[in-house]
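Worksheet: one structure, shown below.
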Amino acid sequence: MVSNIQKVAQTAYRLFSRICGNSDVLLSSQNVGLLTSMMNNIKDKDVNFDMSKISLESETPVSYIDIYEDPVMTMAIFIIRDGCKIPLHDHPGMYGFCKVIHGSARMKSFSDPQNFNGNPPENIASKIRPYLRHSIKPVVLEEESIISSEDNCCVVTPNHGSYHELIAVNGPVAFLDILAPSYDHSTGARICQYYEEIKGQTEQIKHLGKPLIWFTPISQPSDFWCDPEEYEGPSVVDALNEIVK
Ligand SMILES: [Fe+2]
């Protein structure tokens, strides 16, 4: 029998293998909706995840459970310890489906602004060293909310919500993540870049009704790293072998 998580993986793989390697092709809204509705039903038991088995005593801010990874897509579970965070980062040209399966997190997400060519105001630009000013970038704030296992999955598309940070609140949080196409650090096609909001912004400047914020790229923060944990759920590798036979 095919389990829920295996069905999700098979559906995701069928959809994303069609568009992998062609960044001009987007998923239809029906297919985004299909995968979203399947992810909405995923619970911790579907991936055999039990927070009580995770050691929360260590210094590690985030644990990572690898479920599946190839160039088409990556499936993983992230566990963020109470008060820790996955810092602000991006998903360039990627889709992301993020379903909380235990606890809750505060998520803040941003998008590239459509049809915006403006320069940063002088009070923002002046905070950045002149030789770094070319790298600062505008984004629009999409939402800031608390997401829990009762909520639907959060969806990232190449045009919506490509930048986000997640902070565990009221205890540890775990979420299942599907990313497609996968990050590609070997060719540099899709690199995970970290950012921070340039200080002193008031969210008063709007673009198409949404607060316009300026980011500066940063190195991976030293207080963020991931340690691995073992996946104990149904095999996604086996399920995907079935559909490519
Ligand atoms: Fe992310």
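What are the residues in the stretch 179-188 that are in contact (Cβ under 8 Å) with a residue 24 or more places away in the chain and either in a loop (DSSP other than H, G, I, E, B) or away from the ligand (no atom under 11 Å from the Cβ) (or both), if any?
Hits for the stretch 179-188 are Ala180, Pro181, Ser182, Tyr183, Asp184.
Identify all residues within the stretch 223-245 that are part of a loop (DSSP other than H, G, I, E, B) and without any contact (Cβ under 8 Å) to a residue 12 or more places away in the chain; write none if there are none.
Selection gives Lys245 alone.
I'd like the full set of residues that are surrounded by 17 or more Cβ atoms within 10 Å (Cβ to Cβ) and under 17 Å from Val100 (Cα atoms), limited to the stretch 129-154.
Listed by number, the residues that qualify are Ile147, Cys153, Cys154.
Those residues that are among the basic types (Lys, Arg) and more than 14 Å from the ligand (Cβ to nearest atom), I need them from the stretch 62-105; list them, please.
Listed by number, the list holds a single entry, Arg81.
Looking at Ser109 and the list (1) touching a residue at least 60 places away in the same chain (Cβ under 8 Å); (2) within 13 Å of the ligand (Cβ to nearest atom), which single condition is not satisfied?
With (1) touching a residue at least 60 places away in the same chain (Cβ under 8 Å); (2) within 13 Å of the ligand (Cβ to nearest atom) applied to Ser109, the lone miss is (1).
Among what's in the stretch 190-245 and is touching a strand residue (DSSP E or B) at 6+ places or on another chain (Cβ under 8 Å) and among the acidic types (Asp, Glu), pick the residue that is surrounded by the fewest Cβ atoms within 10 Å (Cβ to Cβ).
Glu230
Is there a residue in the stretch 165-174 that is without any contact (Cβ under 8 Å) to a residue 60 or more places away in the chain and within 15 Å of the ligand (Cβ to nearest atom)?
no
Here, each number is a calculation from the coordinates, and none is a lab measurement. Computed from a prediction, not measured in an experiment: that's the story for all the values here. All Cβ positions, even for glycine, are placed from backbone atoms using ideal geometry, and neighbour counts span all protein chains on display.
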